[in-house]
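Heads up: the structure comes next, in structure tokens.
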Amino acid sequence: MIRFLSLGILLAGLMPPVSAQQSYSFSAKEAVDHALKNVTEIRNLKIDREIRIAANREITGAAYPQVTGSLSMQKFFDIPVTLLPDFVSPAIYGVLQDKGVKDGSGNPIKAPNTPTQFFPAQFGVPWQSTAGISFQQLLFQPDVFVGLQARAGSVKLADLNISVMEDSVKSSVSRAYYGVLIAEKRRLFLNETLDRFSRLMKDQEKLYANGFAERLDIEKTQVAMNNLQTTKVQLDNLISLGYASLKFVMGLNQADTLRLKDSLTADLVKGALLQGADFKYDDRHEMQLLNTATDLQRLDVKRYKLQYIPTVAAFWNVSRNALRQEFNFFDGDQPWFKTNLAGLSVNVPLFDGFQKQSRIKQAQLRLDKTQNDRAFLQRAIDLQREVSLTVLRNALSSLDVQERNLKLAEKVFMTTKKKYEQGLGSSFEILQADQEFQTAQGNYFQALYDAMNAKIGYHRAIGKL
């Protein structure tokens, strides 16, 4: 036993630390707010936004003066050799001819009719160093200046990507939250039904013991209880799965404890129904996203068209050069030779094999695709609004019917129960009434959940989620 305990302590010390379990209690709104701050997709989109801002700063930096410092030092182990034409011999022969000097035969001395001769010459010194600084100011370049115009639009595009994802997260969290609430409410009513059947069975056993009931009545009730127990186990598993799904869409760890503070009622579903009469397409973040993308792609077309315009830049370079026979660059007595120049550079595009024209065509086609997507989205939104409104109306109508059915089934059950307790009814009747009551409860909760889902879908369709 001591050896086993020692081994357990050793293994516990070697195991990695486990993150502390957290306990949370959320209303539906608090659950949505928590998800918007912790869901991975939104956090990554916010990082993408910061990346876009940093990229905009990079584009802005290209319009600022560019300052570069340079320092180089080199030693020639063999100074480069240059071949120089033989300019000495022609000069000497020219002087001899001018002076009338003759050879031993009395003939004037002339330059030999031979190919031009060359002799090697070395220029420079073995040690050389250059230190300088250069300034360059871009005056006009299409890529940079169109990029400056697109900065605000690119950040807005990133913001709208976040908003679209937030709409999706709101919908997912709300549906999961109310789905768990409905399941817990059903479990509560199922437990009440089990309690009723348990009391009914006890009453039947007493009646059976006194000879006022048959064994068959008890067995029928037992069968119904067994079915309810099976349903309860299945419902418990579904609730556990619902909580796991809700934790996932909220960005919580599965080990965390979660408690729901809200309750789902018919009044909550029917209240605060928004009307879509004043709907505008721009109420939908998806439409705003496509509008911004269209504006950016128009700038992209403009950028390629401006590439036919020359690029202009101004520059100024200052440098000093040192030429030494030996390494004594830090000797103050030795001179450094200064170079100072300024200028203007203009690059004029003349012909690039129609590449610019092809880029303009591609950018225009991408713009056409986005405009097609925008028209398609408008039609899709119109359909979503019509469908979601119809589904919501049907769901609310069904909820009203199931609400009346539930009250009626409860009334029938209570009346049947009183008759049975007074000895005027059979166990079959009370079992049948209870089954109808359970069915009415299930239909009501399903209608309640369907109505809440329809409400969420409608508000998302009109951009008011």
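The values are calculated or read from the model by the stated rules, or taken from the named source; none is laboratory data. Quick caveat, the model's predicted, so the values are computed rather than measured. Because the Cβ atoms are built from the backbone with ideal geometry, glycine has one as well, and the counts that use them run over all protein chains shown.
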Exercise for the section: Being hydroxyl-bearing (S, T, Y) and crowded, with 19+ Cβ neighbours inside 10 Å is the filter; apply it to region 399-438 and report the residue that is nearest to I218 (Cα to Cα). Expected result: S427
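Yes/no per residue for (1) within 25 Å of F445 (Cα to Cα); (2) not in a loop (DSSP other than H, G, I, E, B); (3) not basic (K, R):
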residue	(1), (2), (3)
Q234	yes, yes, yes
I239	yes, yes, yes
Q254	no, no, yes
L274	yes, no, yes
Problem - Residue satisfying condition, being loosely packed, with under 12 Cβ neighbours inside 10 Å and more than 30 Å from V67 (Cβ to Cβ), within set N372, N347 - result: N372
Handout entry: Residues of region 297-333 that turn out to be over 29 Å from G69 (Cβ atoms) and either loosely packed, with under 15 Cβ neighbours inside 10 Å or basic (K, R) (or both), as a count
Key = 6
Handout entry: Selection from region 427-445 of residues that are touching a residue at least 24 places away in the same chain (Cβ under 8 Å) and either touching an Asp or Glu at 6+ places or on another chain (Cβ under 7 Å) or of a type outside the set (A, V, I, L, M, F, W, C) (or both)
Key = S427, D434, Q435, E436, F437, Q438, T439, Q441, G442, N443, Y444
Problem - Test result for L181, buried (at least 17 other Cβ atoms within 10 Å of the Cβ), aliphatic (A, V, I, L, M), in contact with a His (Cβ under 9 Å, 6 or more places away or on another chain) and at pLDDT 90 or above - result: no
Handout entry: One residue from D282, D352, D300 being out of contact with any Lys or Arg (no Cβ under 6 Å at 6 or more places or on another chain), assigned to a loop (DSSP other than H, G, I, E, B) and charged (D, E, K, R)
Key = D352
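Each row is one residue, and each column tells you yes or no for (1) of a type outside the set (G, A, S); (2) modelled with pLDDT under 95; (3) under 30 Å from L139 (Cα atoms).
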| position | (1), (2), (3) |
| --- | --- |
| W336 | yes, yes, no |
| P349 | yes, yes, yes |
| I360 | yes, yes, yes |
| L365 | yes, no, no |
| N372 | yes, no, no |
| F376 | yes, no, no |
| L389 | yes, yes, no |
Exercise for the section: Among the candidates G124, G147, G153, G132, single out the residue that is under 30 Å from F329 (Cα atoms), in contact (Cβ under 8 Å) with a residue 24 or more places away in the chain and not in a strand (DSSP E or B). Expected result: G124
Exercise for the section: Determine if region 44-64 includes at least one residue that is at pLDDT 70 or above, outside any helix (DSSP H, G or I) and among the hydroxyl-bearing types (S, T, Y). Expected result: yes
